[in-house]
Amino acid sequence: MGDVMSAQDILANLFTTLYNNEMRNKGECLIIPASKLAEEVLRVAQKYGYIGEFEFIDDGRAGKLRAQLLGRIHKCGVIKPRFPVRGDEYYYWERKYLPAYGVGILIVTTDLGVMSHMEARKRSLGGRLLGYVY
C-alpha cells in the first residue's frame with residue numbers, strides 16, 4: 001500500500017479509529033493521517049455532539065488529529081462507494097444506514113462543503129455520501 005493512502009482509506013481509518021476507541025471507553029483518540037476532509041467530517045460529528053474538541057497535530061508529515069470522545073458513538077462507518085445522492089433521496093439512505101428515523105446522521109459532501117444529510121436536505125442539496133454516525 002505504501003505511504004500514500006487514498007481519501008477513502010483515510011475516512012475508513014477515521015471511522016474505524018473513532019469506533020474502536022469508543023468501544024474501549026477511551027477519552028480521546030489519535031487519527032493518523034490527518035486530512036482536510038477528515039477535519040470536515042470531525043467538524044460535522046462535533047456539531048451533532050458525537051465527539052468533543054479536536055485538534056490538528058503537526059508531526060512534520062501528514063499530521064494527526066486528536067479527538068475527544070464523549071461515549072456517544074454506538075456505530076459509525078464509511079460508505080463505499082461514495083454514492084451520489086439527490087436532495088430528495090436522503091430518506092432511502094437513512095433507512096439503509098441508520099437504525100431508525102431521526103437517529104444518527106449521514107455525512108455528505110456537497111458543493112457547499114461537508115455537512116449532515118439533514119442540513120443538505122434542508123438546503124435541497126445533493127452530493128456524495130461519505131459516512132454515517134449514530
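The values are calculated or read from the model by the stated rules, or taken from the named source; none is laboratory data. Note that the structure is a prediction, hence the values are computed from the model and not measured. For neighbour counting, all protein chains shown are included, and Cβ atoms are generated from backbone atoms with ideal geometry for every residue, glycine included.
Please find, within the stretch 71-83, the residue that is surrounded by the most Cβ atoms within 10 Å (Cβ to Cβ) out of those that are farther than 10 Å from GLU22 by Cα and among the β-branched types (Val, Ile, Thr).
Per the stated criteria, the residue is ILE79.
Count, please, the residues in the stretch 15-44 that happen to be within 12 Å of VAL114 (Cβ to Cβ) and either surrounded by 14 or more Cβ atoms within 10 Å (Cβ to Cβ) or at pLDDT below 95 (or both). Give the derivation first.
Taking the stretch 15-44 first, the residues within 12 Å of VAL114 (Cβ to Cβ) are 35-44.
Now restrict to residues that are either surrounded by 14 or more Cβ atoms within 10 Å (Cβ to Cβ) or at pLDDT below 95 (or both): 35, 37-44.
Matching residues across the stretch 15-44 total 9.
Any residue in the stretch 55-68 that is over 20 Å from ARG121 (Cα atoms), touching a helix residue (DSSP H, G or I) at 6+ places or on another chain (Cβ under 8 Å) and crowded, with 17+ Cβ neighbours inside 10 Å?
Initially, the stretch 55-68 is screened for residues over 20 Å from ARG121 (Cα atoms), giving 55-68.
Applying the additional criterion that residues be touching a helix residue (DSSP H, G or I) at 6+ places or on another chain (Cβ under 8 Å) yields 56, 65, 67.
Those still in the list that are crowded, with 17+ Cβ neighbours inside 10 Å too: 65, 67.
Yes, that holds for at least one residue.
Sort out which residues of the stretch 84-101 are closer than 19 Å to GLY126 by Cα and either loosely packed, with under 14 Cβ neighbours inside 10 Å or among the acidic types (Asp, Glu) (or both), and write them in order of number. Give the steps one after another, and end with the answer.
The initial filter retains those residues of the stretch 84-101 that are closer than 19 Å to GLY126 by Cα, namely 84-98.
Once the filter is applied, which keeps residues that are closer than 19 Å to GLY126 by Cα and either loosely packed, with under 14 Cβ neighbours inside 10 Å or among the acidic types (Asp, Glu) (or both), the stretch 84-101 yields PRO84, ARG86, ASP88, GLU89, TYR91, TYR92, GLU94, ARG95, LYS96.
Please indicate, with yes or no, whether at least one residue in the stretch 91-104 is in contact with a helix residue (DSSP H, G or I) (Cβ under 6 Å, 6 or more places away or on another chain), β-branched (Val, Ile, Thr) and at negative phi.
Just the residues of the stretch 91-104 that are in contact with a helix residue (DSSP H, G or I) (Cβ under 6 Å, 6 or more places away or on another chain), to begin with: none.
No, every residue in the stretch 91-104 fails to be in contact with a helix residue (DSSP H, G or I) (Cβ under 6 Å, 6 or more places away or on another chain), β-branched (Val, Ile, Thr) and at negative phi.
For the stretch 25-134, which strands (runs of 3 or more DSSP E) that fit wholly inside it have 3 or more residues that are in contact (Cβ under 8 Å) with a residue 24 or more places away in the chain?
Working: elements: 28-31, 51-57, 64-69, 76-78, 105-110, 113-116, 127-133.
The strands (runs of 3 or more DSSP E) meeting that bar are 28-31, 64-69, 76-78, 105-110, 113-116, 127-133.
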